[in-house]
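Read the structure below first, then the notes.
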Amino acid sequence: MQNRFAMPSGVAATVALLLTVSAGASESGYQVPKTPDGVPDYNGIWQAMGSAHWDLEDHNARQGPARILGALGAIPAGRSVVEGGTIPYQEWALGQREANLADWVKLDPAVKCFMPGIPRATYMPFPFQFVQSKDAILVAYEFTSSSRVIHLNRPGSEAELDSWMGYSLGSFDGDTLVVDVTAQVPDTWFDSSGNFHSEELHVVERYTRTGPDTLHYEATIEDPKVFTRPWKISMPLYRRIEPGARILEFKCIEFGEYATYGEFYTEDEPTEE
């Protein structure tokens, strides 16, 4: 059915072009601030805005699992953040993705309060904070109170063990922070629509400051066991600038207990003592 509220395609294209030109003009000539060590300064609290955490690809609004919440429990529509629009799955893996989606409420690791992994931690609907030093950048995420260290002084090193948030090595390409992420466990997903990976996941992130309160984020994803080729996602990130902005606690284990152990409850819902 045609959306009678949609702009004519020509008007929409013109508006998009004007917005793009305007944004570029406002941020042209932006000088990226530097730390005392002379490298780009990424300190601050940042957050993605959008619905990529629900689905990286184009998706319509749909009924959420908590129907009792009505419209407030629904999943919003969103545009694809994947370059080219779709994720290049191998045929067997596409079938696995569909099976994951069909039972996502039970299978999505984030529902159970597991750490989201990279890149998903970046676009969860929660802020994260960069705390930068000469040798490393600590990234503190509000969701699950998880964290990781981006090592700036260990080129070529490797992780001793796989982990939920992986092993991150950082470097600077001009004013862009480049992060090579390896050694992630295969248990994390990319979103709540069943998009997944194997233990061979390799992610290269690029953070580029585009203005005082904006970053451009890219992540190139490679997993020869699941995908036919490497693919990329990109999106803007925004600085939290309200007074007193900080990372708060979201220790969600108690919220995820029923999703994880519901089969052991004797009633339909857990009760508080």
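The values are calculated or read from the model by the stated rules, or taken from the named source; none is laboratory data. Note that the structure is a prediction, hence the values are computed from the model and not measured. Because the Cβ atoms are built from the backbone with ideal geometry, glycine has one as well, and the counts that use them run over all protein chains shown. These area figures cover heavy atoms from the full protein model, side chains too; ligands, DNA and RNA do not enter into them. Shrake-Rupley method; radii C 1.70, N 1.55, O 1.52, S 1.80 Å.
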Query raised in the report: How would you classify region 77-123 from its alpha-carbon gyration tensor, with a ≥ b ≥ c the square roots of the eigenvalues: rounded for a/c under 1.5, else prolate if a/b is greater than b/c, otherwise oblate?
Result: oblate
Report summary line: Of the convex hull drawn through the C-alpha atoms of region 213-259, the volume per residue in Å³ is 137
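Taking only C-alpha pairs under 8 Å that are 6+ residues apart, what is the relative contact order of region 47-163 in percent? Mind showing how you got there, number by number?
Values: 142 pairs, mean separation 24.5, N = 117.
Answer for region 47-163 is 21 percent.
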Report summary line: Put Lys232, Lys251 in order of accessible area, largest first, probe 1.4 Å, and you get Lys251, Lys232
Report task. On the protein heavy atoms, probe 1.4 angstrom, tell me the percent of accessible surface of region 27-111 carried by carbon and sulfur. Result -> 56
Query raised in the report: Shape call for region 162-218 from the C-alpha gyration tensor, a ≥ b ≥ c root eigenvalues: rounded (a/c under 1.5), prolate (a/b greater than b/c) or oblate?
Result: oblate
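What is the ratio of the Cα radius of gyration of region 40-177 to 2.2 N^0.38 Å, with N the residue count, to two decimals?
Numbers: Rg = 17.4 Å, N = 138, 2.2 N^0.38 = 14.3 Å.
For region 40-177, the normalised Cα radius of gyration is 1.22.
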Report task. Please provide three numbers in whole Å: the alpha-carbon extents of region 191-241 along the principal axes, with the largest listed first. Result -> 40, 21, 15
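Looking at region 111-167, which GluC sites (Glu not before Pro) are in a loop (DSSP not H, G, I, E or B) and have at most 11 other Cβ atoms within 10 Å?
Glu158, Glu160
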Report summary line: Stokes-Einstein, Kirkwood over Cα pairs, region 93-242, 25 °C, 0.890 mPa s; D in µm²/s equals 153
Report summary line: Filtering GluC sites (Glu not before Pro) in region 28-106 by DSSP loop and by at most 15 other Cβ atoms within 10 Å leaves Glu83
Report summary line: Quick note, region 106-169: a/c under 1.5 would make it rounded; otherwise a/b > b/c is prolate and the rest oblate (a ≥ b ≥ c, C-alpha gyration tensor); here it is oblate
